[in-house]
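The values are calculated or read from the model by the stated rules, or taken from the named source; none is laboratory data. On a predicted model such as this, the values are computed, not experimentally measured, just so you know. For neighbour counting, all protein chains shown are included, and Cβ atoms are generated from backbone atoms with ideal geometry for every residue, glycine included. Areas reflect the complete protein model, heavy atoms only, side chains present, ligands, DNA and RNA absent. Shrake-Rupley method; radii C 1.70, N 1.55, O 1.52, S 1.80 Å.
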Amino acid sequence: MGTEEKQIKHAADHAAEGAGGGPILFFIIGLAIALGIGWIAFPKALYSQKQQPFDFSHSLHNGLVDNGCESCHFFREDGSYAGVPKLAQCIGCHEDVQGSTPEEKVFVEEYVKKGKEVPWLIYSRQPDCVFFSHAAHVKVAKMKCEECHGPIGESKNLKPYEQNRITGYSRDIWGQNIAGIKTHTYDRMKMDDCADCHKERGVKASSVQTERDACFVCHK
Amino acid sequence: MKIDRRSFLSLGVGFGAGIALSPLPWKLTDDSSIWTQMWPWTPVPERGESRYVNSVCTLCPGGCGISVRKVEDRAVKIEGQKGHPVSNGGICLLGLSGLQLLYGPYRVKYPMKRREDAKRGQGKWQKISWDEAMSEVAKKLGDAKDKTACIMDSDKGTVPQLFKTLLTGLGSPNFMRTPSVEDSFELALLKTCGYPASAGFDLENADFVLSFGAGLLEGWGAPVRTFKANSLWKDKKVPVIQIEPRLSNTAAKSDKWIPVNPGTESELALGIAHVLIKEGLAKAEVSDSFKKIVSEGYAPDTVARITGVEAGVIVGLAKSFAAASKPLALCGRGKGATPISLNETLAVYALNALMGNINQEGGLFAVPQPDYIKWAKTNSNASVSKLLYGKDASLKALLVANANPLYSLPDTQAVKTALDKIPFIVSFSSYMDETAQYADIILPNHCYLERYEDVPAPAGYHKPLIGLSRPVVKPQFNTKHTGDVVIAIAKAMGAELPYDSYETCLKETFGDTWEAFQKDGVLTADFTPPAPSGKIELNETSLKPVALEGESSAFPLVLVPFDSMRLSGSSIGEPPFVIKTVDDTILFKNDICIEINPKTAQSYNLSDGKYARLTTPKGSAKVRVHLYEGIMPGVIAMPRGLGHTPGFTGNDKYLAGKGVNVNELMGSAECPDGLNAAYGIRAKLERA
Ligand code: SF4
């Protein structure tokens, strides 16, 4: 190859580069793969999906009880919150099969008759390091259940429970949106969300000692 | 297009930028931080309904009321029960750690029998059924008949009465109670007041406290109550004078510490009585014989020579004691885990009697023994010294319940020899303690948080009171209430017992009061104490300091055990929470420390932290030296409550191999009234 020829080749290469071919393309490919991983594959991989023991319709039950959510999710005598109902509460109505749904049959036969508690997976369970008092929020601050839990009372089915593979906690704490963006108050249940609401409502004196919001109000 | 190094770099940069623009790094950081705050292997109590169950702690004779917090079926915390007459919301370290004795690895989980090919204490067991176990015991006891004996930590309440009834059915009088200062109190009160009584002290109302070695802050009486009384004294500025050879916690926190030669407390008490009588400070009459002995033999100068306390101090003590309106004199070494001589008890009783405070507010009460168990048919009463230390080798069977003689009695070797002579030993222990390990068969009782039991007469309490210990949780293992087992065995042997189960026995024992007892957890009774007679008869044959075992030429030093609030001295040993609090001047890593005065140490060329061999006529141990000005020269103090040898698999690192059991070095020195009044033993020390 003569000198001239070499020069031509070099110029051609240069032209290609100048047109923004290789590096930018690869940059974009890299970017696209990473974005795909970060936004789509990662959330899928992070959460495992579990099914509840059997399906349950909140809306159906809501129509049958007198006292709204508190009919089943009640406060105990000592003011503590009972959470998800135990068999003892359900038995009042479901001693025997009442309706015609296959779910109820499973419930009565597998659990009620055998005296076995239903191992419900709880969407809104906070990590163990969090102390949360329902009484303070519902009884004192008169908040509605929906503010944190959303319109679950109208749901006809139970969605799959998504469990974070690292922490073991429910996806509903971080929220469905992997970026952590929320449009409703009930979309997320992270500490910042608690803090936002406390700030908005001017909950300052939650600590008697400091008359401010303090870490140990929730982290005992 | 050419793919070169730059392309890969671009790809990498693009990938990096993409990841940074995705939620992945932030979410991962958040998740991993949550994960690290909640290690999945950290135990967290189950969520659920929480409630409190009130019961009575039976880990020591204190009888404190406890409130156990439960979440669903799991007990998660033991707290003091507010308003309880003995402990009013207070609780001690051991009581607080009781859950580790419920859920810890120390339990005997099912009936067990020593394997035929194994010797006693080898730890080779075979699991047997309750039916097999009970019929074997019934058969063996049927053979042993009146050669059966039983040892327990208490002789009051329905369970001891069931054992006594069983023995009576067998024609055996051999019921023993582990010796303690209660023996001295009961004997002294029987002799002075004329009726069977326990000693009660109205601590809360006293306005001057003169304590002859009582470890008020070491676990004396009902420990929580005594602590509370001590705080009350501080608030009310009640003077507390502690007379003791060693600067104990009680001495350090008292208003005045009076070091006294070990074993001469009774002489000091008599010296004070001498001043009270001679100076006309006495407010009540006592027997002439007592006055005569004291007036003739216990002038302050004489007493000063014996006790090492100056005559002027003795006179001063007597005057300030008499000047108080409700002075109270106390005795019982340390926690009161060992008896003291009858004369010492009588001498201290006399100080109270001379001040007219017997059965009076702020004074010493002779609380009548509980007599609510009408069905008991018992004539059992025997002493450890005869049956276990004596020459008598006729025992054929021994039942051990709520007691651990192989650990808690002095002279471990002698106890072992005695046990070796008994062909059949049954342990009812919930735990694999030293004696259980040495048994032939173990019929494990429910642990104290799983069972009903009446708990009469908390130590040192001045009113008749019975507490109700009740099941807080369901039995965790295949254990059985000892009451039920004894009833079943007694029935199998044809004994007459009106009850089929322990629970009916308990209910019917209390009859009409059962409901109220269930509800309140305590039963109190009014009692009108008879006027004291003033009768005090000292045993003249023993009016000299107790002679300790050992020749002073071969054993120039004196070893005294001491108690600590952080060492329970319970038969089970310390749960992990408790052992973690023990000072490194008591237990250094796994080595037991002895307290020795720097002067004594110097003559042995020992410095702090050095190892030495401590030998007594009974045994020998390697110890670590702790130089301490608070112990007299020539005296060595050694903590009581260490050196447990737990016998369960897995060799628990919190209990096993920690120090030495001081009882291996101790002997006995019986006072003429049959009480082992040894306050120590002669000893020698060598560098190791
Ligand atoms: S003092 Fe005795 S009875 Fe009271 S809590 Fe402590 S161990 Fe239990």
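Taken about its Cα centre, chain B carries a charge dipole of about 1840 debye when Lys and Arg each add +1 at the Cβ and Asp and Glu each add -1 at the Cβ. Scalar couplings 3J(HN,Hα) for the stretch B:333-343, obtained by applying the Karplus form with A = 6.51, B = -1.76, C = 1.60 to θ = phi - 60°, are 5, x, 5, x, 6, 10, x, 10, 5, 4, 4 Hz; x denotes Gly and Pro.
Near B:V68, the amide H atoms lying under 5 Å from its own belong to B:V53, B:N54, B:S55, B:E79; only residues 5 or more places off or on other chains count, and H is placed 1.01 Å from N.
Sorting B:545-558, B:243-256, B:427-440 by their mean Cβ neighbour count within 10 Å, with the most densely packed peptide first, gives B:427-440, B:243-256, B:545-558. Counting every pair of alpha carbons in the stretch B:50-103, the share spaced more than 16 Å apart comes to 33 percent. When nucleic acids and ligands are ignored and a 1.4 Å probe is applied, A:S124 ends up with an accessible area of around 40 Å². Springs between Cα atoms under 10 Å define the GNM used for chain A, and in it the highest mean-square fluctuation of A:R165, A:R76, A:R188 occurs at A:R76. For the pair A and B, the buried accessible area comes to roughly 2800 Å² in total, with a 1.4 Å probe and the value rounded to the nearest 100.
The HN-Hα couplings worked out from phi for the stretch B:344-351 by the Karplus form 6.51 cos²θ - 1.76 cosθ + 1.60 (θ = phi - 60°) are 5, 4, 5, 5, 6, 4, 4, 4 Hz, whole numbers, x standing for Gly and Pro.
Using only side-chain charges placed at the Cβ, +1 for Lys and Arg and -1 for Asp and Glu, the dipole size of the protein assembly as shown relative to its Cα centre rounds to 1480 debye. Build a GNM of chain A with springs between Cα atoms under 10 Å apart, and of A:G38, A:G92, A:G22 the one that fluctuates most is A:G22. The separation of the stretch B:1-35 from the stretch B:206-257, counted between C-alpha centres, amounts to 70 Å. The stretch B:181-368 has equivalent-ellipsoid semi-axes of 22, 19, 16 Å, by the square roots of 5 times the alpha carbon gyration tensor eigenvalues, sorted largest first.
Residue by residue along A:169-182, Cβ atoms of other protein chains within 10 Å of the local Cβ number 2 on average. For the pair A:E154 and A:K190, a Förster radius of 30 Å applied to the C-beta separation gives a FRET efficiency near 0.80, rounded to the nearest 0.05. Of the options B:A397, B:T58, B:A683, report the single residue whose Cα projects farthest towards the positive end of the charge dipole of the protein assembly as shown (beta-carbon charges: Lys, Arg +1; Asp, Glu -1). So the residue furthest toward the plus end is B:A683.
A DSSP coil position with no more than 16 other Cβ atoms inside 10 Å describes the following chymotrypsin sites (Phe, Trp or Tyr not before Pro) in the stretch B:586-648: B:Y604. The alpha carbons of the protein assembly as shown occupy a box of 132, 80, 65 Å along the principal axes, longest dimension given first. Computed on chain A, with alpha-carbon pairs under 8 angstrom and 6+ residues apart, the relative contact order is 22 percent. Rounded to the nearest 20, the size of the Cβ-charge dipole of the stretch B:398-479 about its Cα centre is 260 debye, with Lys and Arg at +1 and Asp and Glu at -1. Pairs spanning more than 31 Å between alpha-carbon atoms, out of B:K109/B:K156; B:K292/B:K319; B:K236/B:K283; B:K228/B:K480; A:K105/B:K77; B:K156/B:K618: B:K228/B:K480; A:K105/B:K77; B:K156/B:K618. Relative to its Kirkwood radius, the Cα radius of gyration of chain B gives an Rg/Rh of 1.05. Rg and Dmax of the stretch B:91-214, both derived from C-alpha coordinates alone, stand at 20.6, 63 Å.
Think of the protein assembly as shown as having a plus end and a minus end, set by charges on the Cβ of Lys, Arg, Asp and Glu; of B:G18, B:C150, B:A299, B:G18 sits farthest toward the positive end of this dipole.
Think of the protein assembly as shown as a dipole: +1 on every Lys or Arg Cβ, -1 on every Asp or Glu Cβ, centred on the Cα centre; then among B:I592, B:L276, B:S180, B:I592 lies furthest on the positive end.
Heavy-atom surface analysis with a 1.4 Å probe gives the stretch A:158-220 a carbon and sulfur content of 56 percent of its accessible area. The GluC sites (Glu not before Pro) of the stretch B:606-680 meeting both criteria, a DSSP state outside H, G, I, E and B (loop) and at most 12 other C-beta atoms within 10 angstrom of the site's C-beta, are B:E629. For the stretch B:267-288 versus the stretch A:56-135, the inter-centroid distance based on Cα atoms is 75 Å. Which residue fluctuates the most in chain A, going by a Gaussian network model with Cα springs under 10 Å, if the choices are A:A141, A:A45, A:A32? Evaluated over chain A, the most mobile residue of the options is A:A32. Taking packing as the residue-averaged number of other Cβ atoms within 10 angstrom, the listed peptides A:145-154, B:78-87 run from highest to lowest as B:78-87, A:145-154. At a 1.4 Å probe, which residues in the stretch A:29-53 are at least 20 Å² less accessible with all protein chains present than in their chain isolated? In the stretch A:29-53, residues shielded by partner chains: A:G30, A:L31, A:A34, A:L35, A:I37, A:G38, A:W39, A:F42.
Roughly how many Å² is the accessible area per residue of the stretch B:557-687, as a whole number, for a 1.4 Å probe?
Result: 39 Å² of accessible area for each residue.
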